[in-house]
Amino acid sequence: MAAKQRDPRLDFFRGVGMFIILIAHITNNPWTLWIPARFGFSDATEMFVFCSGMASAIAFGGVFARAGWVMGSLRIAHRIWQVYWVHLGVFFLTLVLMLALNMTGFFARDEVNALNLGPFLNTTGPNLIGLLTLTYVPNYFDILPMYLVILALIPLMIALAAVDVRLALLASVGIWVAASAGLNLPAELWFAKPSDRAWFFNPFAWQVLFFTGFALMAGWLPAPPVRRWLVWTAVAVVFVSVPFAWGKIIGQVEAIRTLRHAGAVLIDKSDFGILRFVHFLALAYLAWVAVGPEGRNLRQTGLAGRAIALISRVGQQSLAVFAASMVLARVLGAVLNLAGNGPVAALAVNLAGFGLIIGVAHLAAFFKAEPWKTARTRAFAVHSPTEVRP
């Protein structure tokens, strides 16, 4: 599997996902009423996982092809190591900031317990072990642990694909089915009172979406053809799902509520219900058709071009942006609550959040470019103490 060049569509849609994820994680944010998740079964999480699969095929596929399975697996292990420490950093930084907000006395809400972090502080010793071993996974901090487990599955899928691509695809589907039957990991193993809560984002379920993106980018699956009947089918899937996902309709139509309740397992988020998969694939297909071959419709000039470039820059630094947004969203949510959650406050807080994650993306890109390696050499004289004149 050869390495592939960066795909502008991937950067753009990852960037869109990062902005939506920030909006969704700002507590009591009225803007969440208008994100795609309010009108369909899938949401920005699907976008993040799918695009991560595509990006992983680009980032790691060439290593496996060039250096072999062992070196490729070591590259995956290195990425797991990086993401693991990002996860811990996000947790502790968020916890410290929430404690600091509580200590100011300005915020009426208990920000620590709003994240259900009281159990960690009450029994820190056991839960610290749980945190480090990923057997204590609070709901707000569960996406990166899910990503870690999925990354660990890549060498297995690569090995199966080397025998026959169909084996890898069948294995992914088989693991997904096993997840729906109860395969998951413990999230509160070290609590003082025994808890059987599992990870909210079941990695054994969500891996099927990740490896769908991986397979498409790696060439294990062919790109879908652009056909009018496929476009209209995807449009129908998206529109038919709206009444079953939009809260205003669900709240007013009892028949819709009954049907939704009866089919809850099909739209379950934890175990990635099949209707979420179908809805996302329909949206992804429409987006893929809309941007044109190789993303040519994203190559714009003027204001539109600058906006697309900005969104794409955020998508290029998705891990750094995601980690920062998880921390920032809680602080922004506390500020929004303090300001009264009005429309002007919501506008200011959301725009501030956008500015901050754009800044994080530019800063991450700056450091990744390692500018010190190409900077001009300048003489830097160091004088001994005896040379210093009064």
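Structure data summary
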item	result
Helices (runs of 4 or more DSSP H) lying entirely in region 118-178 (those with 2 or more residues that are of a type outside the set (A, V, I, L, M, F, W, C) and surrounded by fewer than 18 Cβ atoms within 10 Å (Cβ to Cβ))	118-122, 124-132
Any hit, region 61-77, residues being part of a helix (DSSP H, G or I), within 19 Å of Ile150 (Cβ to Cβ), basic (Lys, Arg) and open to solvent by 60 Å² or more (accessible area, probe 1.4 Å)	yes
Pairs where the first residue, in region 18-43, is closer than 17 Å to Ala284 by Cβ and the second is aromatic (Phe, Trp, Tyr) and outside any helix (DSSP H, G or I), C-beta under 9 Å, 6+ apart	Phe39/Trp246; Gly40/Trp246
Complete set of residues in region 224-265 that are open to solvent by 70 Å² or more (accessible area, probe 1.4 Å) and under 28 Å from Ala179 (Cα atoms)	Val240, Trp246, Arg257, Thr258, Leu259, Arg260, His261, Ala262, Val265
Candidate set from region 80-117 (those that are free of Cβ contacts under 8 Å to residues at least 24 places away in the same chain and crowded, with 16+ Cβ neighbours inside 10 Å); member that is farthest from Pro203 (Cα to Cα)	Asn102
Residue selected from region 180-199 under the condition within 19 Å of Leu266 (Cα to Cα) and among the aliphatic types (A, V, I, L, M), by the criterion least open to solvent (accessible area, probe 1.4 Å)	Ala198
Leu310 open to solvent by 60 Å² or more (accessible area, probe 1.4 Å), over 12 Å from Glu46 (Cα atoms) and over 17 Å from the mean Cα position of the chain (by Cα)	yes
Among (1) within 27 Å of the chain's Cα centre (by Cα); (2) of a type in the set (Lys, Arg); (3) assigned to a loop (DSSP other than H, G, I, E, B), the one test that Lys193 misses	(1)
Given (1) outside any helix (DSSP H, G or I); (2) without any contact (Cβ under 8 Å) to a residue 40 or more places away in the chain; (3) closer than 23 Å to Leu221 by Cβ; (4) of a type outside the set (S, T, N, Q), index of the condition Asp271 fails	(2)
Any pair with Cβ under 8 angstrom, 6 or more apart, that starts in region 356-372 at a residue that is farther than 16 Å from Val327 by Cβ and ends at one that is in a helix (DSSP H, G or I)	His362/Arg313; Ala365/Arg313; Ala365/Gln316
Tally of residues being part of a helix (DSSP H, G or I) and farther than 18 Å from Ser42 by Cβ across region 283-295	4
Of all residues making up region 286-335, the number that are under 30 Å from Val237 (Cα atoms) and hydroxyl-bearing (Ser, Thr, Tyr)	2
First in region 118-144 and touching a residue at least 24 places away in the same chain (Cβ under 8 Å) and hydroxyl-bearing (Ser, Thr, Tyr), second anywhere and surrounded by 20 or more Cβ atoms within 10 Å (Cβ to Cβ) and part of a helix (DSSP H, G or I), Cβ under 7 Å, 6 or more apart	Tyr136/Asn127; Tyr136/Gly130
Hey, Asn202 in contact (Cβ under 8 Å) with a residue 12 or more places away in the chain and touching a strand residue (DSSP E or B) at 6+ places or on another chain (Cβ under 7 Å) or not	no
From the options Leu10, Leu95, Leu33, residue that is touching a helix residue (DSSP H, G or I) at 6+ places or on another chain (Cβ under 7 Å), part of a helix (DSSP H, G or I) and on the phi < 0 side of the Ramachandran plot	Leu10
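Each row is one residue, and each column tells you yes or no for (1) at pLDDT 95 or above; (2) over 30 Å from Phe64 (Cβ atoms).
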residue	(1), (2)
Val86	yes, no
Phe91	yes, yes
Asn116	no, yes
Asn127	no, yes
Tyr136	no, yes
Asp142	no, no
Ala152	yes, no
Leu183	yes, no
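The values are calculated or read from the model by the stated rules, or taken from the named source; none is laboratory data. No experiment lies behind these values; they were computed from the predicted model shown. We place every Cβ from the backbone using ideal geometry, glycine too, and count neighbours over all the protein chains shown. Ligands, DNA and RNA are stripped out before the accessible areas are found, and what is left, the full protein with its side chains, is counted by its heavy atoms. Shrake-Rupley method; radii C 1.70, N 1.55, O 1.52, S 1.80 Å.
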